[in-house]
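All remarks here apply to the structure that follows.
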Amino acid sequence: MSAASDTGAGHHTASPARTPRSLQTRLLVTVLALVLLAWCAAAALAWYETEHEVSELLDAHLAQTAALLRLQPLDELDEDKLNEAPELYKYQPKVVFQLWHDGQLLARSANAPLQPLTDRRKRGFTNSEVEDQEWRVFVTPGRKGDVRILVGERQSMRDEIVMASVSSMWEPMAWALPLLALGIWWAVRGSVRPLRQLGQAVATRQPQSLAPLDTAGVPPEVLPLVTALNGLFERMAQLLASEQQFTADAAHELRTPIAGIRMQAQVAQGASEAAERSDALAATVRGCDRATRLVEQLLQLARLDAEAAQPSAPPTDLTDVARTVVADLASTAQARGQQVALQCTGPAPVPLAEPLAQVLLRNLLDNALRYSPEGAQVQVQISPAAPGKGAQLCVQDSGPGLAEADMARLGERFFRVLGTGQSGSGLGWSIVQRIARLHGLRVAHDRSPTLGGLRVTITWP
């Protein structure tokens, strides 16, 4: 049973992806198909117009011959003289005629059949079949009412004249078609040459080269592509420089807690008293906690950079997020005798994914608690969106605040205010501002007019 299933599954192998045709091939096929279609339409129209005009001309010749015969008296008609007309041109019309009177054939040309070319009672032009041949016949009464004049011409001769006329026009058109196709191929190949040159220029570039492509001599149609590539190279260069700086700073920051952990571990190894060993181990744990928080913040920044191009998430109630974050940090605040107050008037939906909203508020509230003294007050205020005004989040504390110089540097990665006595990596503000840039939020910070410490206000558009 299993073998049968495996055999059946083998028949459903995925077919290889179809390689798309090149732009030059598609353009050539499309243009040549349109040219061929136009050529066929022109040839058909030429055939129709030529056949119509030649038929009109030959019909006029039949009518003219009938008019000449009508002017001749019947007693003066001589069949031998009528048949002595010389053939001066190979396409000279082969006209035959018959003269009928009371159902009797009075006269006819030598190449005319004995039976009537068509019904003698008709008048004007008719098509008929006599002796297995198709004829074009013009019927008109003679000078006497009982005389009928029939002038005809074999349809095969008329078709031959039409074909000769059309062929004289089709031959140059047939020669022009391959020449036109060759010209189109040359023009299309020359038109896509800048794209091939651009592809070669990109293919031969070194991986580490992010210099812009030369735009001199680039056609206007290709210039947007070259400009977009140059913009991409510039953004990649900026991102690479930022990542290199970030890696260097991260390595530097990680070196400090690791060195502290190593030092405290060595102290614990060499301690002779239990109290000294206990203090060293406690300091080692704190160093591990600091390194863990630093790594978590680095991972948060990396995830934020990766989510820069992600589609927008469904709205998140900022009030529910604030309640969750305040509850999570309540034990930290109580351990230092700090008070956290949450002020909100109702739901405040914002266009921000819930995990990002938690990261945003957690970093703001953690900084406020961390850098405020024991017994400080921290307020979290949420204002729902109103007509013409977006939702607003405000976090303020009763700490010492920041100097103007330090406030201007907020958001720089690994920047910390010295003299606070608190451990940290300086990445909290970087995370907050990164989220704000990704989602178009406005971040403002100043001194709180009510609590006296730092106030941070984030407004949604």
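The values are calculated or read from the model by the stated rules, or taken from the named source; none is laboratory data. Source: prediction; values computed, not measured. Glycine gets a Cβ as well: all are built from the backbone with ideal geometry, and neighbour counts include every protein chain shown. All accessible areas refer to the heavy atoms of the entire protein, side chains included, with ligands and DNA or RNA removed. Shrake-Rupley method; radii C 1.70, N 1.55, O 1.52, S 1.80 Å.
Heavy-atom accessible surface of region 158-213, averaged per residue, reaches 68 Å², computed with a 1.4 Å probe. Close amide H partners of Val380, meaning residues 5 or more places away or on another chain with modelled amide H under 5 Å apart, are Ala341, Leu342, Gln343. In order along region 223-240, the phi-based Karplus estimate (6.51 cos²θ - 1.76 cosθ + 1.60, θ = phi - 60°) of 3J(HN,Hα) comes to 4, x, 5, 5, 5, 5, 5, 4, x, 5, 4, 5, 5, 5, 5, 5, 5, 5 Hz; Gly and Pro are listed as x. As a calculated quantity, the FRET efficiency between Arg189 and Ser209 at R0 = 25 Å, using C-beta atoms, amounts to about 0.30.
Of the trypsin sites (Lys or Arg not before Pro) found in region 131-210, the ones in coil according to DSSP and having at most 10 other Cβ atoms within 10 Å of their Cβ are Lys144.
Using heavy atoms of the protein chains and a probe of 1.4 Å, the accessible area assigned to Leu106 is about 80 Å².
For Leu352, the residues whose amide H sits under 5 Å from its own are Thr316, ignoring neighbours fewer than 5 places away on the same chain, with H placed 1.01 Å from N. Annotation: amide H-H contacts under 5 Å for Glu134 (H modelled 1.01 Å from N, sequence separation of 5 or more, or interchain): Gln155, Ser156. The phi-based Karplus calculation (6.51 cos²θ - 1.76 cosθ + 1.60; θ = phi - 60°) puts the 3J(HN,Hα) values of region 173-182 at 5, 5, 5, 6, 4, x, 5, 5, 5, 5 Hz, whole numbers, x for Gly and Pro.
Sequentially through region 25-39, phi angles give Karplus couplings (6.51, -1.76, 1.60; θ = phi - 60°) of 5, 5, 5, 5, 4, 5, 5, 5, 5, 5, 5, 5, 5, 5, 5 Hz, Gly and Pro residues having no value and appearing as x.
Compactness of region 124-241 is given as radius of gyration and Dmax, 35.3, 111 Å, from Cα positions.
Sorting 440-452, 35-47, 319-331 by average packing, meaning the other beta carbons within 10 Å per residue, from highest down gives 319-331, 440-452, 35-47.
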